[in-house]
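The values are calculated or read from the model by the stated rules, or taken from the named source; none is laboratory data. The structure presented is a predicted model; accordingly, all values stated were derived computationally and were not measured. Ideal geometry is used to build each Cβ from the backbone, glycine not excepted, and the neighbour counts take in all protein chains shown. Accessible surface areas use protein heavy atoms only, side chains included; no ligands, DNA or RNA. Shrake-Rupley method; radii C 1.70, N 1.55, O 1.52, S 1.80 Å.
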Amino acid sequence: MIARGLFKTYRKIDKLYDWQEDCLNLDAIHKRRNLIYALPTSGGKTLVAEILMLREVLNRKRNALFILPFVALVQEKIWSLSPFAVQLNFLVEEYAAGKGHLPAKKRRTKNSIYVATIEKGLALLRSLIEFDRLHEIGLIVVDELHLIGEEGRGATLETLLATVLFAEKDIQIVGMSATIGNLDEVAEFLRAEVFQRHFRPVELTEYVKLGDVLHKIVRGDNGFEIIPDRQLKYDYTDAALSLDPDTLGGLVAEVVPAASCLVFCPTKSNCENVASLLCKMQRKEMVAHRAAERAQLGRALREEGGGALPTLVSRGVAFHHAGLSADERALLEAAFRSGAVSVLCCTSTLAAGVNLPARRVIVRAPLVGRDFISLAAYRQMVGRAGRAGVCDAGESVVICGPREWPRLRGVLAGGLAGARSALAPSLPALLLPLAPGLSPSDAQPHSLHPPCCHTPSHCCDDAIRSLLKSGALEYAKRGARFEFDDGPIPDDTEFVVSKLGSAAIKACMDLGAAKQMLSDLEVASRGVVLMGSLHLLYLATPPDAAGVRPDYRNYHSMYSKLDEEGILTANRLGITEKTAIRMMTGKTITDVPETVLRRFYLALMLHEVWKQVPLPEVADRFGASRGALQGALASASALALSGSRLCEALDRWHFAALLAELAQRLQRCNAPHLHLLMELPAVKKARAMQLTRAGYKRVEDLAKASADNLVSSVPHLSRSAANHLISAAKMLLIEKVENLRAEAEEVMDELR
């Protein structure tokens, strides 16, 4: 009854849909068999997952792991589950970016829901396997299961699931998705049953705009047809028509400001251009709508870097893409939810990464980047139109030219693409923690069923040999260990993980990344520059420099401004004034690897942020977007933390201590005076500053606050958000208390 009341209070839900009742009463659920359930976007899938996790922690007294694809979604879920955790006496723990204990703290009296990104979820599972504690998890829920077929993260997700299947610890796996084309094949891999429905609580009407005619897409058993709905006629002048030939402004003006509109654009620059266009095309009533709130939003955005956004939001329009900082994106998302911003021009990543429903969704062109749109991407985008409790109807319009229409028609008429296994390249990473105790004959697909049952034998052989060759694995015979000599492996031996392999597992690092880190540390140990943080920051930069590319024309200018610490660090890396001059003049550099040049450039960027130079100023100076700089900061922090664990496992305590402290400082260097409040989920810099100005400087202050006081003292904070904020603060403090209690109980166990 408490749970029912919480769902009614915080979610406005007092009754389940019929399909949700059916799903929760499946034999697969009651008998704890694996399950995949598939419904359209906005069908209510997440509610079923939450009820299953509540059952696990409250009724079965085992922990649950919830896997989500993005950090923003993890924080959003922590935020929404916190009131339930406080009232129902369980914990919600965040495993994303630099957060989360490895292994998880062992609780005696409370169970936990671990909410994790794919990468951190795998790290958590491996740490539990290492300490023989995997049985503490009873349920794993995977959102956006279709990601299993993507490059990169898909292989990590597949490795995670394969690890659980191989371990056979009575862990139930539940996956959900709206866009998997080969459900049966994925279900076979997971040994899961399938539950599929086509329910959507809010009707979605789909349109395609061809020329100046809006056609309605009517779907039937034999596919779909388009029926002319109306000719679009707006009071455009000739000048306006030449500026906006697709009449995008008219399509938007039909629904705003009374309702909201998302405009999906192919690229980041296109988002900004379309937002600027719509700003020019707005009517007077749109400009006057909620002017005071928009003015305050504009001031907050100016503090974060400004640019064109403050002017755009004054007219109710904004753009949203990865080039913005997390604080800017959070401000815009909150404004769009509240209705202060009526139109958001965004890239396709918003469709998968943030829960922002709208009355109308417009797909500006049938492209994602330079690629033609897929059916899965189309469904993700248009699925944002209409959401129960937010809109009573949803509409989508895809704008298409006559040349693209035949191809788009084929996409809409076709089926969803199937998820294809990406496990083969990741087999070494999968097999490394599973290999101890296996003999050569055990490490074959038929023995590793089900995760590797469809993998060719030579792939497993190649993976094992690569692990042996790299030194991550060794083999033992009658207690004696042998290193790999490239010859045949005797059948009467068994595999053991080497010290290097074990350290890589504990550090949650790919073996190549671990070796690169150790190589950098080996060079640094002969002359690390500790006059400041620059050399350590270089060691924490990812091998790919987090995708940041130097402005080589500016490199010499930066080099000439380096202080003694900077020049010494550059020289240790082989970068001299001669190198900088060659970069400035465009001459080829052969004496310093490009990766070193890129990483040092990134280290200089991070060093400026470290010195408290405002993030927008650093981004402008180095020619990077604010989002890219913030992402680089997060990557460096994560790598420093992993490097610290790697060094600790290999008894390199001096670098372990340095990198551990570096990781912590990187997490808060952008706003050190606000970092305590920014530990709360979904609290970014702007909100933390509002809270501080209102007198709430500590998490404890928020935990003791009343919703009435928060709403009255913090601008544009709804009562629902205030209650969530108070619950999140209480949850964070309770988790800290439980951590201390767990440590005390471990000490008492030792004494006993």
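Listing for the model above:
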read-out: Boolean, Thr247 is surrounded by fewer than 15 Cβ atoms within 10 Å (Cβ to Cβ) and closer than 22 Å to Val287 by Cβ; value: no
read-out: Filter pass, Asp14 being open to solvent by 70 Å² or more (accessible area, probe 1.4 Å), acidic (Asp, Glu), touching a helix residue (DSSP H, G or I) at 6+ places or on another chain (Cβ under 6 Å) and closer than 22 Å to Gly389 by Cα; value: yes
read-out: Residues satisfying the stated conditions in the stretch 692-702, i.e. within 22 Å of Val92 (Cα to Cα) and either part of a helix (DSSP H, G or I) or under 25 Å from the mean Cα position of the chain (by Cα) (or both); value: Val699, Glu700, Asp701, Leu702
read-out: Qualifying residue in the stretch 425-436 (condition: modelled with pLDDT under 85, surrounded by fewer than 20 Cβ atoms within 10 Å (Cβ to Cβ) and assigned to a loop (DSSP other than H, G, I, E, B)); value: yes
read-out: Selection within the stretch 703-752 - closer than 18 Å to Phe90 by Cβ, crowded, with 19+ Cβ neighbours inside 10 Å and either aliphatic (A, V, I, L, M) or without any contact (Cβ under 8 Å) to a residue 24 or more places away in the chain (or both); value: Ala703, Ile726, Ala728, Ala729, Met731, Leu732, Ile734
read-out: Thr205 vs. criteria polar (S, T, N, Q), without any contact (Cβ under 8 Å) to a residue 60 or more places away in the chain and open to solvent by less than 30 Å² (accessible area, probe 1.4 Å); value: no
read-out: Residue that is most open to solvent (accessible area, probe 1.4 Å), among those in the stretch 136-159 that are closer than 20 Å to Val57 by Cβ and outside any loop (DSSP other than H, G, I, E, B); value: Glu136
read-out: Criterion (at negative phi, assigned to a loop (DSSP other than H, G, I, E, B) and out of contact with any Lys or Arg (no Cβ under 6 Å at 6 or more places or on another chain)) met by exactly one of Val683, Val737; value: Val683
read-out: Candidate set from the stretch 492-504 (those that are part of a helix (DSSP H, G or I) and open to solvent by 30 Å² or more (accessible area, probe 1.4 Å)); member that is nearest to Gly471 (Cα to Cα); value: Leu500
read-out: Given (1) modelled with pLDDT of 90 or more; (2) more than 21 Å from Ala300 (Cβ to Cβ); (3) of a type in the set (A, V, I, L, M, F, W, C), number of the condition Ala742 does not satisfy; value: (1)
read-out: Qualifying strands (runs of 3 or more DSSP E) (wholly inside the stretch 341-418; at least 2 residues being within 20 Å of Glu150 (Cα to Cα)); value: none
read-out: Some residue of the stretch 624-636 being of a type in the set (Lys, Arg) and buried (at least 17 other Cβ atoms within 10 Å of the Cβ); value: yes
read-out: Qualifying helices (runs of 4 or more DSSP H) (wholly inside the stretch 538-617; at least 1 residues being in contact (Cβ under 8 Å) with a residue 40 or more places away in the chain and open to solvent by less than 30 Å² (accessible area, probe 1.4 Å)); value: 552-560, 564-572, 594-610
read-out: Helices (runs of 4 or more DSSP H) wholly inside the stretch 267-326 that include at least 1 residues being touching a residue at least 60 places away in the same chain (Cβ under 8 Å), open to solvent by 50 Å² or more (accessible area, probe 1.4 Å) and among the polar types (S, T, N, Q); value: 291-303
read-out: Residue match in the stretch 336-346 (condition: in contact with a Leu (Cβ under 7 Å, 6 or more places away or on another chain), within 17 Å of Arg687 (Cα to Cα) and either among the aliphatic types (A, V, I, L, M) or touching a residue at least 40 places away in the same chain (Cβ under 8 Å) (or both)); value: yes
read-out: Breaking point among (1) surrounded by 24 or more Cβ atoms within 10 Å (Cβ to Cβ); (2) farther than 21 Å from Ala72 by Cα, for Lys120; value: (2)
read-out: Condition met for Tyr559 (under 34 Å from the mean Cα position of the chain (by Cα) and of a type in the set (Phe, Trp, Tyr)); value: no
read-out: Identity of the residue in the stretch 160-169, among the hydrophobic types (A, V, I, L, M, F, W, C) and over 21 Å from Ala352 (Cβ atoms), that ends up surrounded by the fewest Cβ atoms within 10 Å (Cβ to Cβ); value: Ala167
read-out: Residues that are in contact with a Phe, Trp or Tyr (Cβ under 9 Å, 6 or more places away or on another chain) and of a type in the set (Gly, Ala, Ser), drawn from the stretch 261-282; value: Ala275, Ser276
read-out: Helices (runs of 4 or more DSSP H) within the stretch 21-117 that include 3 or more residues surrounded by 17 or more Cβ atoms within 10 Å (Cβ to Cβ); value: 45-58, 71-88
read-out: Residues of the stretch 330-362 classified as within 17 Å of Ser269 (Cβ to Cβ) and either open to solvent by less than 10 Å² (accessible area, probe 1.4 Å) or out of contact with any helix residue (DSSP H, G or I) (no Cβ under 8 Å at 6 or more places or on another chain) (or both), total; value: 5
read-out: Of all residues making up the stretch 170-196, the number that are part of a loop (DSSP other than H, G, I, E, B) and farther than 21 Å from Ala352 by Cβ; value: 3
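Rundown of residues vs (1) touching a Cys at 6+ places or on another chain (Cβ under 8 Å); (2) at pLDDT 95 or above, yes/no style:
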residue: Ser112; (1), (2): no, yes
residue: Ala116; (1), (2): no, yes
residue: Glu119; (1), (2): yes, no
residue: Ile137; (1), (2): no, yes
residue: Gly154; (1), (2): no, no
residue: Ala162; (1), (2): yes, no
residue: Leu165; (1), (2): no, no
residue: Ala178; (1), (2): no, no
residue: Pro201; (1), (2): no, no
